[in-house]
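Report on the structure given below.
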């Protein structure tokens, strides 16, 4: 299902109502669900969630052709005002230019409107909460068929569409003169048929009801000399079909509107991208600084994380080295910390009580061992309240003195398990335990 679409037509100041609109339900057939006219203030709820196309009075928009080379859109919008300057009565700087497609001879179709007028249209909808997606001159929403002109007659004006993106809007008082002038100016591009839609509602005694007639279109202006070309124009038949619709003009305009073939006035400073850019521009510096700060913090976080990983790795290596130093017979180190805790637990005898006995026993033997001369500890082991100490000493006499020193501390039983001479030293192993009370 397609998005709901609302086509709104703003009426000229002299019209009885401010606007008319059509709500299209978004189905493939896009049948209008609402055709209504009234105040702009009524559009708030109608346009919720819808794509809004605004048709503005073509009487305020000039549709011209500019001779400019093909360049990118930004340069094009800069070049068009100077190419059309001679065709404009007002100051170029006060005009907004919107470009369309090129015609058969390469001229660029262009819509020109005063900035203040366009801003006023957009403001009328903005104050009632309506966001406009496209702004199109109403004359370009009229039905179009190649080789054919379309004419809308309304109470105060007449709209004439002469091409895909060309046309003009005329005041009712001079519509007939401008219409015939447009036919003469068209020359070889003169249409074969004109379809007239008569939407006028005023009574005969209130206004002169003008309708183009086929025979009046063959009038030759005195400025054209009698020539074969003029004679050809006079002899070409021009078909005029007059239709008096029963529905309001907005219904036909909404049905005939081809968004891909019109000139959208929301270009340049009025484009959605430019509007977002205007809102964003004052915050770009602050956003850039914030982004820079976030990048710096992110880099600092990476550096800190890397540093912490290196420190953890170094600590693990230190634990491993300390474990190997404490247990030189260890052949395989997988988790130094866990293995160290396991070894310590074994040394403590597997419980709190064993830990207390071990520490007390170690405290008793520490002083005699450290004071003995020539003693080089090799290893010690603790199990079930008994401490095995293996060491080298200079001679058997010193070994006996060490044993006596240990016994003299009181409460210890010392047993020489082995003593053997090797390379001028005596390697001895003592079994030490606390004596029974």
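List of remarks:
- Size of segment 5-270 as Cα extents on the principal axes (Å, biggest first): 60, 49, 36
- Taking each residue as 0.36 nm, the span from residue 239 to residue 3 lengthens on full extension beyond its C-alpha to C-alpha distance by 81.0 nm.
- Measuring nothing but alpha carbons in segment 89-215 and taking Rh as the Kirkwood radius, the Rg to Rh ratio lands at 1.00.
- Where the Cα pairs of segment 284-347 fall when distances are cut into 5 Å bins, in %: 4, 15, 16, 13, 8, 8, 8, 6, 7, 5, 5, 3, 2, 0
- Potential lengthening between residue 126 and residue 181 on full extension [0.36 nm per residue; Cα-Cα distance subtracted]: 15.9 nm
- The slack between residue 390 and residue 332, meaning 0.36 nm per residue of separation minus the straight C-alpha distance, is 18.5 nm.
- Most to least packed among 135-144, 394-403, 161-170 [average Cβ atoms within 10 Å]: 135-144, 161-170, 394-403
Values in this text are rule-based calculations from the coordinates and carry no lab data. Only a predicted model underlies this, so the values are computations on that prediction, with no experimental measurement involved. No Cβ is skipped: glycine too gets one built from the backbone with ideal geometry, and neighbour counts run over all protein chains shown.
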